[in-house]
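Undergrad: One structure follows; several queries about it will come next.
The values are calculated or read from the model by the stated rules, or taken from the named source; none is laboratory data. The model shown is predicted, which means the values in this text are computed figures rather than measured ones. Please note: Cβ atoms are built from the backbone with ideal geometry, for glycine as well, and neighbour counts cover all protein chains shown. Calculation scope for accessible area: heavy atoms of the full protein, side chains included, ligands and nucleic acids excluded. Shrake-Rupley method; radii C 1.70, N 1.55, O 1.52, S 1.80 Å.
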Amino acid sequence: MSLPDTNRTVLEANPQLLRMSGMQTVGPGVAAQVEVVPSVAKPNAKVVITSGRLRTWGWLSALSLVDQGLASGAGFGVNLLLARWMVPEVYGAFAVAFAGFLFVSGFHNVLLLEPVSVMGPSRHAGSLLAYFRAQIAVHAVLVGALSGVSLLGGLLLWKMVSASPLVGAVIGGGVALPFLLLAWLARRMCYVMQRPGLAIQGSAFYLGLVCAGLLVLAHFGWLNPFSAFVLMGCGGLVSAGLLLRRLDLLNGKSVAGTRLRWLPILQENWTYGKWLIGSALLNPAVGQAQVFFIAAFLGLGAAGGLRAMQLPSLVMTQGITAIGLLFLPVLSGDHGRGSIAGMRRKSMQLSAGLAGVSLCFAALLAIFSSRIEQVLFDGKYATYAWLMPVLALVPVVSAFSIGYSMALRASQKPQFDLLANLVAAPVALLSALCFIPRWGLAGAASSMMLGFLTLGAVTIVWFQKDK
């Protein structure tokens with residue numbers, strides 16, 4: 001299974017889980033190259049597993065999950081409040097712009113976040129602060145260009161359809177993009193420094209600031225896609241500033257005599273991440289392209305309804321992914337000891353257990369979808385409530401293949417992710433083009449299901465052949 005973009009934050013928040021299993025992230029939902037990194041000070045040191053080290057790893061993993069919960073909670077809370085307070089067309093504009101943000105963040109992930117996690121401890125352990133500063137400069141160059149393209153797109157939309165709420169959403173997304181992704185970069189640096197507790201502080205601060213800001217904007221009637229994105233950007237900037245200050249990256253004297261130029265670091269990032277761009281391009285097509293097609297064929301209001309009804313299933317998918325990552329060190333340990341049969345058995349048990357939980361979740365949504373919609377959205381999307389249990393089948397499919405996916409990662413077979421996306425992305429795109437004009441929102445949900453079914457099927461087939 002390839003992790004959808006909506007769950008990309010799980011990997012951002014949990015690189016420690018991958019490192020403690022002896023694996024490194026190399027793309028959206030991909031792990032490769034066994035290289036245990038027990039300490040940033042001695043990247044090549046041999047790891048001796050002791051009960052004390054296991055307790056430390058367990059504590060760091062628990063902190064990682066808390067940070068992930070806060071980060072995911074911030075995204076869920078923002079979308080929930082905006083869907084509840086905005087009219088469907090306006091929220092639909094925000095949803096379309098946010099889907100574009102997730103698409104762009106995929107490139108930031110493979111060209112910046114992943115190189116920081118891998119190259120930082122292995123090549124620059126003796127000068128991490130200087131390395132981080134160089135990466136911040138790389139971030140400014142890359143994301144500044146992407147932000148400029150987004151702002152230009154917003155201006156073009158303003159010239160063509162000035163009254164559309166999509167104009168403010170795209171411009172606001174362009175303004176917020178550098179600061180939100182800077183916060184993601186700062187959190188990743190915390191994990192490289194093995195300080196997940198500090199990442200929790202940044203995530204908690206961002207969550208509180210943005211939620212309080214949304215309440216203020218709503219109270220004064222200033223809430224719209226543009227102001228929401230600007231608020232998120234401000235929250236990202238303040239959160240990033242807090243983390244960078246605590247990491248001593250805002251103090252130029254802390255690494256006196258040590259300086260790394262940003263251009264060689266950019267070249268290093270490109271050498272590492274260029275082969276992952278394919279996954280970054282293909283992965284969003286499976287679970288995000290439908291939002292754009294719905295907006296094009298049925299309008300922004302329908303896109304907002306689709307996104308709102310997707311929120312409960314996204315929470316379930318994130319939970320499945322987090323549990324899968326918790327089991328990854330166990331499966332990796334089995335593989336390292338040569339217990340392949342045990343690894344495969346545990347992976348199948350993991351998939352079966354999570355699939356059962358997901359089916360129960362979908363059943364509950366089928367029974368109580370109307371009540372849940374009323375609680376979450378105050379009846380605004382009552383006509384879309386039937387979509388909740390349908391979209392909840394996506395995490396069911398993900399759960400069926402999550403154990404197999406983790407086993408392939410533990411076996412150091414990351415190439416399955418690219419192959420699965422190469423097969424699933426065209427299936428999702430073509431089915432969306434065929435289904436949505438005929439069946440509307442049901443067609444969008446069917447397209448998502450078909451895309452994730454294909455991802456899961458390719459993963460399971462690969463798993464069965466990899467014996």
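Undergrad: Please report the projected area of the stretch 304-344's Cα convex hull averaged over all directions, in nm².
TA: 3.4 nm²
Undergrad: Given the protein chains as shown and a 1.4 Å probe, how many square angstrom of residue 386 are accessible, to the nearest 10?
TA: In the full protein context, residue 386 sits at about 120 Å².
Undergrad: Here's another thing I want to ask about it. So if each residue of separation counts as 0.36 nm, and I subtract the Cα-Cα distance between residue 433 and residue 261, what length gain in nm does that give?
TA: 57.3 nm
Undergrad: What is the distance, in nm, between label points placed 7 Å from the Cα along the Cα-to-Cβ direction at residue 140 and at residue 340?
TA: So the two model labels end up 5.1 nm from each other.
Undergrad: Right, something else. What accessible area, in Å² to the nearest ten, does a 1.4 Å probe give for residue 72?
TA: Accessible area of residue 72: about 20 Å².
Undergrad: With a 1.4 Å probe and every protein chain left in place, tell me how much accessible area residue 272 has, in Å² to the nearest 10.
TA: 40 Å²
Undergrad: Related question: Return, ordered by residue number, the residues of the stretch 205-248 whose backbone nitrogen is under 11 Å from a label point located 7 Å along Cα→Cβ of residue 84.
TA: Answer for the stretch 205-248: 215.
Undergrad: Can you give me the P(r) profile for the stretch 191-298? Cα pairs, bins 5 angstrom wide beginning at 0, each as a whole percent.
TA: With a bin width of 5 Å, the distribution comes to 2, 9, 10, 11, 13, 19, 17, 10, 6, 2, 1, 0.
Undergrad: Using only the heavy atoms of the protein chains and a 1.4 Å probe, how would 268, 89 rank by accessible area, largest first?
TA: 89, 268
Undergrad: Hey, got the dipole for the stretch 372-466? About the Cα centre, +1 on K and R Cβ, -1 on D and E Cβ, debye to the nearest 20?
TA: 180 debye
Undergrad: So for the pair residue 160, residue 423, with labels modelled 7 Å out along Cα→Cβ, what separation do we get in nm?
TA: My value for the distance between the label points is 3.6 nm.
Undergrad: Let me ask something additional. If R0 is 35 Å, what FRET efficiency do you get for residue 211 and residue 461 from their C-beta distance, rounded to 0.05?
TA: 0.20
Undergrad: Scan the stretch 325-416 for trypsin sites (Lys or Arg not before Pro) in coil per DSSP, keeping those whose Cβ has at most 16 other Cβ atoms within 10 Å, and list them by number.
TA: 337
Undergrad: Just to confirm my numbers, what's the Cα centroid distance between the stretch 432-448 and the stretch 102-144 in Å?
TA: When both Cα centres are located, 38 Å separates them.
Undergrad: Give the calculated FRET efficiency between residue 123 and residue 149 to the nearest 0.05, with a Förster radius of 41 Å applied to their Cβ-Cβ distance.
TA: About 0.85, to the nearest 0.05.
Undergrad: Please report the orientation-averaged projected area of the stretch 341-441, defined via the convex hull of its C-alpha atoms, in nm².
TA: 8.1 nm²
Undergrad: Could you work out how far the C-alpha centroid of the stretch 369-408 sits from that of the stretch 309-367, in angstrom?
TA: With the stretch 369-408 and the stretch 309-367 each reduced to a Cα centre, they are spaced 16 Å.
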